[in-house]
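The values are calculated or read from the model by the stated rules, or taken from the named source; none is laboratory data. Bear in mind the structure is a predicted one, so any value in this text is a computation, not a measurement. Cβ placement follows ideal geometry from the backbone for every residue including glycine, while neighbour counts extend to all protein chains displayed.
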Amino acid sequence: MISNNKRDLLLFLQLLHTNGLTDPKSVVTSEPKLKQIGIEWFNHKSTKLSIEQGELQCSSAPSPTKLCETYKGLLKVNTECKDTTDLANKLYYERIAEVEEAILQNKIEFKNELAKNKV
């Protein structure tokens with residue numbers, strides 16, 4: 001797996017989709033495109049942020065083999081998904097839920113800090 005971070009995986013799936021790799025067969029048989037996707041993913045600001053934050057241990061672009069393994073692994077774990085679009089949609093909604101939860105937690109922390117300062 002190239003990452004366990006939903007943001008990183010969602011970016012990977014979006015890159016697959018925009019490059020026309022929308023089904024398992026097209027992903028497995030497109031090594032040149034996968035190589036370019038790996039480079040684009042690695043050089044993306046979002047991936048660099050994950051590396052800087054220590055969420056991702058990666059020093060070079062993942063190989064096409066590693067990307068195929070990641071894709072197959074995502075399909076295996078998400079049995080209700082049959083292709084890239086299904087995976088991207090599922091991870092998108094999971095990522096939105098993560099962001100909403102983080103915002104909620106930040107609101108609670110902010111209110112608690114305000115309450116401490118009022119005393």
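Within the range 60-92, being small (Gly, Ala, Ser) and surrounded by 15 or more Cβ atoms within 10 Å (Cβ to Cβ) holds for Ala61, Ala88. Would you pick out the residues in the range 16-36 that are assigned to a helix (DSSP H, G or I) and in contact (Cβ under 8 Å) with a residue 40 or more places away in the chain? Within the range 16-36, Leu16, His17, Pro24, Val27, Val28 qualify.
Looking only at the range 1-37, count how many residues are modelled with pLDDT of 95 or more, under 13 Å from the mean Cα position of the chain (by Cα) and either polar (S, T, N, Q) or farther than 20 Å from Lys90 by Cβ (or both). Here the count works out to 1.
Look through Cys81, Cys58 and report the one residue that is in contact with a Phe, Trp or Tyr (Cβ under 8 Å, 6 or more places away or on another chain), in a loop (DSSP other than H, G, I, E, B) and of a type in the set (A, V, I, L, M, F, W, C). Reasoning before the result, please.
Details: Cys81 fails: in contact with a Phe, Trp or Tyr (Cβ under 8 Å, 6 or more places away or on another chain).
Being in contact with a Phe, Trp or Tyr (Cβ under 8 Å, 6 or more places away or on another chain), in a loop (DSSP other than H, G, I, E, B) and of a type in the set (A, V, I, L, M, F, W, C) holds for just one of Cys81, Cys58, which is Cys58.
Gln57 meets each of the listed conditions (1) surrounded by fewer than 10 Cβ atoms within 10 Å (Cβ to Cβ); (2) of a type outside the set (Asp, Glu); (3) touching a residue at least 24 places away in the same chain (Cβ under 8 Å) apart from (3).
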